[in-house]
Structure formats: C-alpha cells, structure tokens
1. On the accessible surface of the chain, probed at 1.4 Å, how many percent belong to carbon and sulfur atoms?
2. Grab the DSSP H runs of the chain that are 4 residues or longer, score each as -39,500 (n - 2.57), total them, divide by all residues and round the 222 nm result to the nearest 500 deg cm²/dmol.
3. Quick one: net charge around residue 48, please, counting Lys, Arg +1 and Asp, Glu -1 for every other residue with C-beta under 11 Å from its C-beta.
4. For a test of understanding, tell me how many lysine pairs in the chain have Cα atoms under 28 Å apart, given they are 8 or more places apart or on different chains.
5. Label residue 331 and residue 385 with points 7 Å out from Cα along Cα→Cβ: what is the distance between them in nm?
6. So what is the relative contact order for the stretch 217-354, in percent, with contacts set as C-alpha pairs under 8 Å and at least six apart?
7. Quick one: length gained pulling residue 378 to residue 468 fully straight, 0.36 nm per residue minus the C-alpha distance?
8. Among 76, 62, 44, which residue has its Cα furthest toward the positive end of the charge dipole of the stretch 20-81, with +1 on Lys/Arg Cβ and -1 on Asp/Glu Cβ?
Amino acid sequence: MRDHGGNLDEAMAGFGGTAADWIDLSTGINRQPWPVPPLPPEAWTALPTKRALAALIEAARGVWGTEAPMVALAGAQAAIQLIPHLAPPDRARVLEPTYNEHAAALRAAGWAVKEVSRLEELAGADLAVLVNPNNPDGRRIEPEALLALLPQVGRLVVDESFGDPDPALSLAAGCGRPGLIVLRSFGKFWGLAGVRLGFAIGPAADIAAIAERAGPWAVSGPALEIGQRALLDTAWAEATRQRLAEDALRLDALVERAGWELIGGTGLFRLYRTPEGTAAQARLARHRIWSRVFPARPDWLRLGLPGSEEEWKRIEAALKGPKTFGTEEAAVLSRLLHWRRDVRHFRRDPVPDEVLRRLRVAVDSAPSVGNARPWRIFRVEDAGLRSAVRVEFARCNGAAASLYSGDQARTYVKLKLAGLEAAPVQFAVFTVTDPDAGHGLGRQTMPETLRQSTAMAIHTLWLAARAENLGLGMVSIVEPKRMEELFEVPEGWEFAAYLCLGWPAFSDDTPLLHRNGWQQNCATDWEIR
C-alpha cells in the first residue's frame, strides 16, 4: 500500500479545521526551516542556467564530502522513480519495513521485488535497496557493513533522505564505487519540502543515465538558488543538528509519560509503540496535531518534532489528556445514552467517508478482554450479500411471528424490526472465539468475555454514531450459522450482529418497543447484599 505522511486533507476531513489550525507531525520534515531570503527576480523569470546548477552541485559536494558524480532532481522521489530504469527488470530486494515507494516504483517498472528483514538477505539481488537511517523505525547500518555488502549485489541503492542529522552515517564520501548509488533529500532537514529538491550520487554512467531521463531543467530556478544558499549555511546546519538532538530527547520524555514506548527514530522523527495507533492518532487529532500510522503495524505511531514553543505546549497538552471530566461532559454522555435508540427507519442519504472513518476510530477505543479485540467487522456493500441477508431475515421473521397469537401476534406484525431496505451502511459483525491477540489473558475461566468484548465494541459504535446524529439498528432475527455461511468466515468465527447505519428518518427518544406497546421501559434495581 502506497500510503504516506503529509495527508493533511484526510486530517481535516475527519476532524475538521483548516490547514492553519493543524500541526503536521506526520512527515518528519523539520518544522524550523532554513529562513529563505528574497530571491533575485531572474530565479523566477528565467530558465534555470547551467551555472546555477553547477553552483548547487558544488555546494552539495561540500556538505556531503564527495567528489563523485551527482545529479540534482525534483526531490529524492524523482530518483526513486528513475532508478528502476537503469537496467532491464530482474531481481530486486528491499530491506523492510521502510519507505514504501521504493518497492512500488520497482514493481511498476517490472522488477520482481522481494522484501527482506535482514541486511544479509539483500545479497544476490540485481538491485538492492535500503534506507539509512531507516524510515520509519530509525534503524542504522554502519557504512562498513554496507560496503561489505556492495560486492554481493548488482547495484546497491542507499536512501539517506533522513541522514543529515547524522553525517557520520553517510556513504556519500564513498560514492564513485561501481554499483553504489546514494540518494539525498533537501526538503526534510532544511524543512523546505515544497522546494522539491533532491540528489543522486553514484557512478558516472548511472548518474548520466538518470540525468538523461530526468531531462533538461529538472530543478526549478528558485530551487537552485534556495538550495545553494541553504547548503552553504553550515552554521545553521550545525545549530539545527544540535537542536534536533535535544528536541528528540524532549519528545521522547513527553511520550514516555503518556505510556507509549520508543521504538526508534532519527533527529527528524520518532517512532512509538502505542496500545492502538489509530486511537492514539485520533487523540492527537482532536488537538489538531496530525501524526502517521501504519496499516500493517496497528501499534505504531510516528511523530515529527514540534517547531515553536507553542507547538510544544500543544503536544504536551494533547499527550497529558484531561485528568478529570466535568458536569458538562457527564451531561452530554447522559444525552447520548438517552437518545441511543434502535433505529429502523432510515433516510437513504449516504454517510460521508470522513464520518465513517471517525466511527472506525471510535470502535478502536472499545474495551476488550486482554486487549484481544476479537471483533471482526465487514462493511457490506455487495448487492447479492445484502439481498441474501434480507431473505434470511424474512425467513426467520416469519418463523418468529408464528410463535405469537392474539393481540401479541397482531402487534408483532406491525413492528418494523429491520432497516435493511433503506439503511445506506450495513455491517456484519463476528467474534473470533480463540484469537491469538491477548494471549488468553482474562478469558481462561470465562471465554464468554470475548463475546462480551464484541458487544462492547458494538455499543461503542452505537454511541459514536449517535454523537454524529446517525442512527444504528441491530438485526437479530437471523440464524447465526446461516450468516456465517453467507459471509464464508473462517472456522472459529461466530456471528454477533448485523447492523444498519444511517440518518434516522425521524427523531424519537422513546424506544421502539415502548412506543408500540410491546413492553415498557423499567428501572434497574441495584440489590444490596
């Protein structure tokens, strides 16, 4: 999956606000950028010159201590797109987990890509790729180990996009060796990602081939001017390295107090293990702070470093969270509970994706025994499946109606017990009865707590939906085994509920069965023993 940080549009869609309201810590881009001075008019009005390009390359060589051939490009991403075309597609290996564009670009160019977890597994590849220091976990590989690997691969691509805080890790000075290509990014350390500037350093033939494919004017005039001036500002760079090192420790200390565990990182970002990444992301997002989660690792959360003191204060407040709740919050919860009704009458209007995303995040916060999270939820869009569920409901509803007689039978027939026809969103919920997650904690003597956990997830969804002014209804008049067959679930999955979600056709705080004379609500007695 080609997912990235910097997706602030998604943050605003899910949690509101404008771009100016948000602190974007999802990218690892320095939030105290190099101060761009006024540029000469010709940087904007004239085509980029060879002289300006040569001056930029000379400045970059000085910063990274290399005399090797180098090409400037529109970001390191441009090099990632071009490198797969240096040779006919063959066997590529990528050291994972890492920036997902490397494997994606290789596959798009026809390479057979194998993702490996150990450095030595790269040996034998026609093209081997790694990121050092690594994104997202900050894994470091010493230059000596990489040079030892070089003779064992056709080409070795080392992406050093996050390497500027730690110059000693770089292989740039060793470039020029056959088969070694180093990528550098300007936008991250200098905090000017919008300039779109990056570099590839390597053997003359490879660099010439990349430059040929990139074409003339691969870098804009303003980027040439800004890049050269910033790279020559060595005093700023050294002060920034010192600040980033101190700020990384500061962020780690804040996060440790929040109960998250440091996995690793660089001077530009940190990676933490959390109880649940999307819930942690939502917690920060409610304070208009955006972070990076990873679909393949739900317990990971990556944070860039805040910039100003105001940003540090906001993230500290977000990580602390409220210690207590007041009467206002209690009153809102009471209203939600009172208005949480089993809705059967829906409008057909669609539910926006950003609202569904917030509901999914809410479910991620539901309690579960041993943190087993045994619920599995399918969003049912297939017309054939929906039709089969309606048929199953009609069959079971007819059988249930035959159990009643007299006034009760007549009342039953009048009840609307499902919103299957109109509800725009429908879910099938199952419980995994022996999940690996949780390692059996808390359920050895009471395995039914797994089913109870799923019920709590459903109730969490119910309340969250009500808070969005949505209604939810549970369809329980179906046969569980038949539902398991319809959805072809694995052995050990039990049907829990079929849910209908949408905008209520009307609002009513009186329960359906109370309103239709089936049974009145009654108070709960708390017996004292």
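1. The value for the chain is 54 percent carbon and sulfur by accessible area.
2. Value at 222 nm, helices only: -11500 deg cm²/dmol.
3. Working: positive: 50, 51; negative: 42, 225.
Around residue 48, the surrounding residues sum to 0.
4. Going through the chain pair by pair, I get 6.
5. Distance between the two pseudo-spin positions: 4.3 nm.
6. Averaging sequence separation for qualifying contacts and normalising by length gives 16 percent for the stretch 217-354.
7. 30.3 nm
8. 62
The values are calculated or read from the model by the stated rules, or taken from the named source; none is laboratory data. Just so it is clear, the structure is predicted and the values come from calculations on it, not from any experiment. Cβ coordinates were reconstructed from backbone atoms using ideal geometry, including for glycine residues, and neighbour counts include every protein chain displayed. For the accessible areas, the whole protein counts, side chains as well, though only heavy atoms, and no ligand, DNA or RNA atoms are used. Shrake-Rupley method; radii C 1.70, N 1.55, O 1.52, S 1.80 Å.
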